[in-house]
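Asks: If you scroll down you'll find the structure; I have some questions about it.
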Amino acid sequence: MSDTELTLRVNGQTHQLHISPERTLLDVLREEIGLVGAREGCGVGMCGACTVLINNQPISSCLMLAVQAGESEITTVEGLASSAGLHPVQQAFIDYAGFQCAYCTPGFILSTVALLRDHPQPDNETIQAYLAGNLCRCGSYENILAAVKACSS
Amino acid sequence: MSLQFLQPETLAEALALLGRDPDENKIIAGGTAVVLMLQHKLIAPETLISLSRIPGLNSIHLADDGLHIGSLALLREVAASGMVQEHFPALAYACEVVGNVRIRNQATLGGNMAEADYASDPPAVLLALDASVVATSAARARIIPLSEFFYGFYTTALEPDEIMTEVIVPALPANCRMIYLKYKSRSSEDRPCAGIAAMAAFDGLICTDLRVAVGAACETPRRLLEIEALGIGQTLTDELIQEIAEGYAAGIETLDDLRGSAWYRTQMIRVHVRRALKQIGAGRPC
């Protein structure tokens, strides 16, 4: 088989892989590296469940080939917490119950981390525009909005 | 044989690779469209040639013939560009409303155009801007006006051995106003059901130039020059605007999909051409 060699930098760690080039980043993160925080929802880039950060910018890992990410710093939800505890955005989602089933939660949290990096004090309109591409089918949007606002500096 | 993924370091290298077997090779820019097509087995190339390592293909700069936008500029970069915002705010807006944040972080302007998906925002605006694309092969570079670029569903004037390297947007006339209206029929992050780009230049109250492009409601973005001509040299009264809107509704063959029937889209073209012209006629540019 014509697997290709690939080095991925994920959450600060380097992974040497032999994979087929048509595999998506989502698939490789989950099946080869064992990071299952990014989930497949729609599979077409609309729902946001597979959100990861590439050089601090959110993308849909279902729409990117793993081989496209070889020169980037990839962050998944597993990379947010530190020895000091949960990331403030993670803690806020717990404090404000910004989820029900939580399938969408890693995507929302990573999108929020990126939002707050670009807009430390976002108004409601900015939050809603930025997060419009993350869908929560439980409908926890009010609580998610409260959690995001609580993180605004 | 399974897929190969190549990352040439220069445009010349990419063109040489592509030219070896254009029918079996496929260019990948951001990948939002190509990866979906691969996943759904709509395409089965032997080789993907990535443009991501080629330096300079995402540059945005002003030249004598207009603003040059590198084909690899991300939609986010086009939307955030100070030059685009200053000279062509409707284009910045159209790139800002594509898909969602993640799509705009990955998709490129060149990829958006080369894919030629009808349900998209930037093509209608660029058509109304009289933009052109630069198509480069190993043998030559040629400029294709956007009015001659879109052939049909997912089909363009690009030859199999060509790579789109730039989009060129010429300066707008003086005293003009421009707007892009994105009409969505389902949800806030949806693709357009219809997109209307309109530009009008004025000398006092007289309209001296008028361009109206309709996208997403039809197979390719369309302008109707004979209908645009109704407005030139005239004052854009409510009656004249209605006549132009009726002309666009009658003159464009619309399509059916989950975002609306052909009949519905015809009505939406009428409504949104009217609204667009009223807004720019009243001095409220995008």
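Asks: Can you spot a residue in region B:264-285 that is touching a helix residue (DSSP H, G or I) at 6+ places or on another chain (Cβ under 8 Å), in a loop (DSSP other than H, G, I, E, B) and buried (at least 20 other Cβ atoms within 10 Å of the Cβ)?
Replies: Scanning region B:264-285 turns up no residue that is touching a helix residue (DSSP H, G or I) at 6+ places or on another chain (Cβ under 8 Å), in a loop (DSSP other than H, G, I, E, B) and buried (at least 20 other Cβ atoms within 10 Å of the Cβ).
Asks: Here is a list: A:23, A:30. Which entry is within 11 Å of chain B (Cβ to nearest Cβ), open to solvent by 50 Å² or more (accessible area, probe 1.4 Å) and modelled with pLDDT of 95 or more?
Replies: Among A:23, A:30, only A:23 is within 11 Å of chain B (Cβ to nearest Cβ), open to solvent by 50 Å² or more (accessible area, probe 1.4 Å) and modelled with pLDDT of 95 or more.
Asks: Name, by its number, the condition in (1) open to solvent by less than 50 Å² (accessible area, probe 1.4 Å); (2) farther than 18 Å from residue A:137 by Cβ that does not hold for residue A:9.
Replies: All conditions pass for residue A:9, except number (1).
Asks: If you take the residues in region B:8-29 that are part of a loop (DSSP other than H, G, I, E, B) and touching a helix residue (DSSP H, G or I) at 6+ places or on another chain (Cβ under 8 Å), which one is farthest from the other protein chains (Cβ to nearest Cβ)?
Replies: B:8
Asks: Also, quick follow-up: Please go through region B:87-104 and give me each residue that is without any contact (Cβ under 8 Å) to a residue 60 or more places away in the chain and away from chain A (no Cβ under 12 Å), ordered by number.
Replies: The answer is B:92, B:95.
Asks: Considering only residues of region B:59-86 that are within 14 Å of chain A (Cβ to nearest Cβ) and of a type outside the set (D, E, K, R), which is nearest to residue B:145 (Cα to Cα)?
Replies: Step by step, filter region B:59-86, then rank; the result is B:72.
Asks: What about residue B:15, is it open to solvent by less than 20 Å² (accessible area, probe 1.4 Å) and modelled with pLDDT of 95 or more?
Replies: Considered against the rule, which asks whether it is open to solvent by less than 20 Å² (accessible area, probe 1.4 Å) and modelled with pLDDT of 95 or more, residue B:15 comes out as yes.
Asks: Among the strands (runs of 3 or more DSSP E) contained in region B:62-171, which hold 1 or more residues that are acidic (Asp, Glu)?
Replies: Strands (runs of 3 or more DSSP E) meeting the threshold: B:163-169.
Asks: Which of (1) in contact (Cβ under 8 Å) with a residue 12 or more places away in the chain; (2) surrounded by fewer than 20 Cβ atoms within 10 Å (Cβ to Cβ); (3) within 19 Å of residue B:123 (Cβ to Cβ) is the odd one out, the single condition residue B:225 does not satisfy?
Replies: Tallying (1) in contact (Cβ under 8 Å) with a residue 12 or more places away in the chain; (2) surrounded by fewer than 20 Cβ atoms within 10 Å (Cβ to Cβ); (3) within 19 Å of residue B:123 (Cβ to Cβ), residue B:225 fails exactly one: (1).
Asks: Restricting the search to region A:56-103, which residues are assigned to a strand (DSSP E or B), open to solvent by 70 Å² or more (accessible area, probe 1.4 Å) and either of a type in the set (Gly, Ala, Ser) or touching a helix residue (DSSP H, G or I) at 6+ places or on another chain (Cβ under 8 Å) (or both)?
Replies: The one that is assigned to a strand (DSSP E or B), open to solvent by 70 Å² or more (accessible area, probe 1.4 Å) and either of a type in the set (Gly, Ala, Ser) or touching a helix residue (DSSP H, G or I) at 6+ places or on another chain (Cβ under 8 Å) (or both): A:82.
The values are calculated or read from the model by the stated rules, or taken from the named source; none is laboratory data. All of these numbers come straight from a predicted model, not from anything done at the bench. Using ideal geometry, Cβ is built from the backbone for each residue, glycine included, and neighbour counts are taken over all protein chains shown. Areas reflect the complete protein model, heavy atoms only, side chains present, ligands, DNA and RNA absent. Shrake-Rupley method; radii C 1.70, N 1.55, O 1.52, S 1.80 Å.
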